[in-house]
Amino acid sequence: MSATRTMRRMSQEPMSQASVPQEPTPHESTNSSLHSLSRGQSTGTRRVSSQIQHEVMQLILDRRLRAGAPLPTEAELMGALGVSRNSVREALKALQALDIVEIRHGYGTYVGQASLTPLVDGLTFRTLAAQQGDDGGALALGDILQVREVLEEGLIRRVAGVLSDAELDRLEGVVTRMEEAGREGVPFPELDREFHELMYASLGNALVPQLLGAFWTVYRRVAGVQGWTDDPTPDVTVRRHRDIVVALRARDVEGAQRAMAVHFRGIEARAAQESRGVG
C-alpha cells in the first residue's frame, strides 16, 4: 500500500477516546498547528527531493549514460519516477550543483562531468570561513596541505622506481623553466602544478590529477583572497623541486620521499607566515 493511501485511510479512521489529547487554547492550537505543518512539510520535502535525486542518479547508472549524454525529458522523468514537475526540477537543480547533471536552458538536461568542483568550492569556503577566527584559518589551510602532503608522499614511493628517463627529462625541463621564470621575476605557480601532475602521470590513475588539482585550486583561491604573495623565495622552490628530480634519477625512494616532505614543509611554513602577515 502506498504512503499516500495509508495516510488517507488514517485520516478517515476515528481516533479512540484514549488517544484524544486535552483541547488546547486557541492560541496554543494555532501555534502548534503552524509549527507542525511547517516542520512536516520541510522534512517531507527534503526526503522526497533526496529520494528523487538518488533515483535520477540510479537511472544514469542503469542506462550507462556517459558525460554529455542527454537525460530523459522532464515529462519522461515525471512518468518514470511518478512525481511532479516541480519535484523533478528541484532534484535536477540539486544534482546540477554537484556537477552530476548539466542543465542547458532551451536544450535540455545532460549528464554532467561529475568533477570535483563541488569539493573545491566547499573546501575553499571552509578555509575562508575559518580564516575569520583568530587562528582557525591557518589551521584549516594547514589541514588541507597536510592531506595533500600525505597523498604525494605515498604516490612518490610508487613512481620512484618506475619513471622512465624520458619522463625524468620532462620533469627536469619543468624545473629549468621554473628557474628561468624566477630569474626574470615571473611567478610560476602553473609550472609548479605541472611538475606535480606530470610526476604521477605514469600511474594512469585519472583521479590523482583531479585530487591534486582540487587541493591546488583551494590553496590558490585562498591565497588570492588573502592577498598572499606568489612565492617570496623562488630560488628555494626551484631547488626543492630539483632535489626531488635528483632523488628520482638515483632511484632513491627514501630520498625522494624526504625531498617531497621538505618541499611541503616549506609550503606550510610560508602559508603560516602569510596568515600572520609575515611575507
Exercise. Given a 1.4 Å probe and the protein chains all in place, what does the accessible area of Ser164 round to, in Å² to the nearest 10?
Worked result: 50
Exercise. So how much accessible area does Thr127 have, in Å² to the nearest 10, using a 1.4 Å probe?
Worked result: 0
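The values are calculated or read from the model by the stated rules, or taken from the named source; none is laboratory data. Values in this document were obtained by computation on a predicted structure and should not be read as measured data. We work out accessible area using only protein heavy atoms, side chains counted, and drop any ligands, DNA or RNA first. Shrake-Rupley method; radii C 1.70, N 1.55, O 1.52, S 1.80 Å.
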